[in-house]
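Mind having a look at this structure? Questions to follow.
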Amino acid sequence: MNRFLACFLLIAVRAGIAADGPVDRPIGLREVVQLANAQNPEVQLARLDVEKSESDLRLIRTERSVRVSAASGLGATSGIPQSIQGATPSVAQVTLRQPLLDFERPRRAHGTRALIESGEHAATATAEKAAHRAGSLYLDFELASREIERLESEVASFERIEGLTVARVEEGSEIPLALARVRLDRARATERLAASVERFDLLEADLRWTLGLGEGVRLKPLPTDTDGSLGVPRSLWPTVHPSSPVHPELAGIDARIRAARHKAREARSARYPSLDIVGQYAMLARFNNYDDYFRRFERHNWQAGVALQVPLFTGRGLAERVARARIEERELEIQQEAKRASIDMQARRAVVAVREAERLGGLAQQELDYARESLDVLMARFDEGLVTLAEVERARVVESTAWGAFVETRYRLAKARLALAYSSGRLGAAFTD
């Protein structure tokens with residue numbers, strides 16, 4: 001009975017949570033960038049690659065540690081005692097091996113360290129990419145939210161114009177075609193509003209996935225236009241490409257080039273000798289016929305010394321390994337030059353986009369000022385009885401459209417600044433606390 005009650009309560013709690021639905025979460029641009037750096041799935045996978053490389057380095061370090069193994073195997077012997085798989089038949093056997101001189105392992109360790117460094121730079125580059133994508137998504141998301149508010153006001157204005165036009169048509173002051181035009185304008189505004197709502201929902205879902213958030217929240221943009229920066233730090237405002245450290249993608253390729261060079265050195269190290277400290281202890285038994293075939297039987301036996309191995313003939317495999325590493329190094333060098341040119345061109349495009357957005361913003365400001373002055377004139381003429389209220393409402397729609405265009409240019413400028421910072425590899429640092 002108690003188990004049934006517990007299950008019932010658990011189902012009721014889950015049903016209550018499901019009934020509550022997703023929770024609204026206000027979020028701003030800074031938090032979006034920080035969450036993208038921390039929780040984006042691609043960033044987490046890139047950091048796991050670094051952890052795997054660090055684990056590989058730890059495994060390489062264990063190769064120089066002392067290895068001690070114990071074994072035992074009993075078996076009957078007929079004739080001379082023979083070794084089985086290289087081991088003398090014994091009651092117990094302990095073997096020790098300590099690498100003393102090995103030229104391959106240090107080269108392999110150096111190469112793995114370079115891969116770790118490359119992975120760290122790759123994780124940084126992935127975080128920069130995720131931050132840029134999340135920041136751009138958020139700005140589009142917030143713009144869509146503001147566009148919905150503007151279009152709702154615009155639809156309301158067309159509804160008022162429609163009501164006024166209906167009255168004027170009934171009075172005979174307007175022809176029915178004017179009413180048809182007003183209704184067409186209202187239908188167009190309603191369609192734009194519906195499209196903006198759907199775009200807002202898609203952007204919200206895309207942003208949640210980019211930030212690694214689940215279905216239990218619904219993001220709501222915070223207003224970030226109080227100082228005209230839309231939440232973009234002023235350090236990202238310069239209109240020329242700022243001097244910056246080496247881009248993380250270039251640094252990652254450089255580390256991979258060094259790893260390829262260490263791989264070539266590791267391959268060549270196979271020609272060098274290796275030296276190990278070795279030791280062995282074995283406890284023998286008489287039932288293996290040792291006292292019949294050897295002059296003296298010792299129950300406890302041990303050996304200690306060093307084992308030197310000198311490669312005499314390595315074959316073509318070694319040369320092919322070196323050649324393959326050299327090919328990989330040249331390939332990475334070509335990729336590095338191509339990436340450097342791509343980043344430089346990306347920065348140039350970002351600078352042009354910033355300047356273009358600034359010019360368009362100035363033009364949109366002039367158009368908005370003109371629309372507002374025109375509205376003020378119509379309002380004054382309306383007070384004098386020279387124009388109709390419908391004309392005033394249409395002027396409000398024109399002013400609203402100019403305002404929407406001006407706001408869009410501001411978000412376009414903010415996205416251009418984010419792209420400029422991304423091209424220099426310092427986007428994430430600009431949003432750190």
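Is it true that some residue in the stretch 409-420 is within 35 Å of the chain's Cα centre (by Cα), among the small types (Gly, Ala, Ser) and farther than 26 Å from GLU142 by Cβ?
Checking the stretch 409-420: not a single residue is within 35 Å of the chain's Cα centre (by Cα), among the small types (Gly, Ala, Ser) and farther than 26 Å from GLU142 by Cβ.
If you don't mind, there's one more thing I want to ask. Within the stretch 385-433, can you find the residues that are surrounded by fewer than 20 Cβ atoms within 10 Å (Cβ to Cβ) and on the phi > 0 side of the Ramachandran plot?
Within the stretch 385-433, GLY385 is the sole residue that qualifies.
Could you please tell me which pairs satisfy a Cβ distance under 9 Å, a separation of 6+ or placement on different chains, a first residue in the stretch 29-57 that is among the basic types (Lys, Arg), and a second residue that is outside any helix (DSSP H, G or I)?
As it stands, the answer is ARG30/THR224; ARG30/GLY231; ARG30/PRO233; ARG30/PHE431; ARG30/ASP433, since those pairs meet every condition given.
Among the residues of the stretch 265-287, how many are surrounded by fewer than 20 Cβ atoms within 10 Å (Cβ to Cβ) and either outside any loop (DSSP other than H, G, I, E, B) or without any contact (Cβ under 8 Å) to a residue 60 or more places away in the chain (or both)?
Final tally of qualifying residues: 16.
Identify, from the list ARG107, ARG61, ARG97, ARG67, the residue that is under 30 Å from ARG321 (Cα atoms), of a type in the set (Lys, Arg) and either buried (at least 17 other Cβ atoms within 10 Å of the Cβ) or modelled with pLDDT under 80 (or both).
Sole residue among the options that is under 30 Å from ARG321 (Cα atoms), of a type in the set (Lys, Arg) and either buried (at least 17 other Cβ atoms within 10 Å of the Cβ) or modelled with pLDDT under 80 (or both): ARG107.
If you take the residues in the stretch 42-56 that are of a type outside the set (A, V, I, L, M) and touching a Ser or Thr at 6+ places or on another chain (Cβ under 9 Å), which one is surrounded by the most Cβ atoms within 10 Å (Cβ to Cβ)?
Looking at the filtered set, the residue picked out is SER53.
Scan (1) touching a residue at least 40 places away in the same chain (Cβ under 8 Å); (2) closer than 26 Å to SER424 by Cβ; (3) not β-branched (Val, Ile, Thr) for the single condition ALA341 breaks and write down its number.
That leaves (1) as the condition not met.
Then there's this: Are any residues in the stretch 117-153 under 19 Å from the mean Cα position of the chain (by Cα) and among the β-branched types (Val, Ile, Thr), and if so, which ones?
THR124, THR126 - these are the residues of the stretch 117-153 that are under 19 Å from the mean Cα position of the chain (by Cα) and among the β-branched types (Val, Ile, Thr).
Return a yes/no flag: does the stretch 105-122 have any residue that is over 26 Å from ARG258 (Cα atoms) and either in a strand (DSSP E or B) or small (Gly, Ala, Ser) (or both).
No, because not a single residue in the stretch 105-122 is over 26 Å from ARG258 (Cα atoms) and either in a strand (DSSP E or B) or small (Gly, Ala, Ser) (or both).
Taking the condition of being more than 30 Å from GLN346 (Cβ to Cβ) and of a type in the set (Phe, Trp, Tyr), how many residues in the stretch 374-418 meet it?
2
Within the stretch 98-115, can one find any residue that is basic (Lys, Arg), touching a residue at least 60 places away in the same chain (Cβ under 8 Å) and more than 22 Å from ASP49 (Cα to Cα)?
No; the residues of the stretch 98-115 include none that is basic (Lys, Arg), touching a residue at least 60 places away in the same chain (Cβ under 8 Å) and more than 22 Å from ASP49 (Cα to Cα).
Related question: For ALA364, which of the numbered conditions (1) without any contact (Cβ under 8 Å) to a residue 40 or more places away in the chain; (2) surrounded by 14 or more Cβ atoms within 10 Å (Cβ to Cβ) fails to hold?
(1)
Continuing with the same structure: In the stretch 173-199, which residue that is within 43 Å of the chain's Cα centre (by Cα) and of a type in the set (Asp, Glu) is farthest from LEU389 (Cα to Cα)?
Only one residue fits best here, namely GLU198.
Say we look at the stretch 21-58 and pick out the residues that are hydrophobic (A, V, I, L, M, F, W, C) and outside any helix (DSSP H, G or I); which of these is nearest to VAL232 (Cα to Cα)?
Step by step, filter the stretch 21-58, then rank; the result is ILE27.
Give me a count of the residues in the stretch 311-331 that are buried (at least 16 other Cβ atoms within 10 Å of the Cβ) and in contact (Cβ under 8 Å) with a residue 60 or more places away in the chain.
Of the residues in that region, 3 qualify.
Also, I was wondering about something else. For PHE382, all conditions in the list (1) touching a Leu at 6+ places or on another chain (Cβ under 9 Å); (2) buried (at least 17 other Cβ atoms within 10 Å of the Cβ) hold save one; what is the number of the exception?
Unmet for PHE382, out of (1) touching a Leu at 6+ places or on another chain (Cβ under 9 Å); (2) buried (at least 17 other Cβ atoms within 10 Å of the Cβ): (2).
Here is a follow-up. Looking at the structure I just gave you, is LEU308 in a strand (DSSP E or B), farther than 30 Å from ALA76 by Cα and without any contact (Cβ under 8 Å) to a residue 40 or more places away in the chain?
Taking the combined requirement at face value, the residue satisfies it.
Residue-wise test of (1) in contact (Cβ under 8 Å) with a residue 40 or more places away in the chain; (2) assigned to a helix (DSSP H, G or I); (3) surrounded by fewer than 20 Cβ atoms within 10 Å (Cβ to Cβ).
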position	(1), (2), (3)
TYR138	yes, yes, no
GLU142	yes, yes, no
ARG150	yes, yes, yes
GLU159	no, yes, yes
LEU164	yes, yes, yes
VAL169	no, yes, yes
GLU174	no, no, yes
LEU177	no, yes, yes
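Now for a different question. On the given criteria, is VAL352 under 26 Å from ASP185 (Cα atoms), surrounded by fewer than 20 Cβ atoms within 10 Å (Cβ to Cβ), among the aliphatic types (A, V, I, L, M) and modelled with pLDDT of 85 or more?
When the stated conditions are applied, VAL352 does not pass them.
When the residues of the stretch 207-254 are narrowed to those that are surrounded by fewer than 17 Cβ atoms within 10 Å (Cβ to Cβ) and of a type in the set (Val, Ile, Thr), which ends up modelled with the highest pLDDT?
Per the criteria, the residue is VAL217.
Quick one: how many residues across the stretch 289-305 are part of a helix (DSSP H, G or I) and in contact with a Pro (Cβ under 7 Å, 6 or more places away or on another chain)?
2
The values are calculated or read from the model by the stated rules, or taken from the named source; none is laboratory data. Quick caveat: nothing in here was measured; it's all calculated off a predicted structure. When we count neighbours, we look across all protein chains shown, and the Cβ atoms used for this are built from the backbone with ideal geometry, even at glycine.
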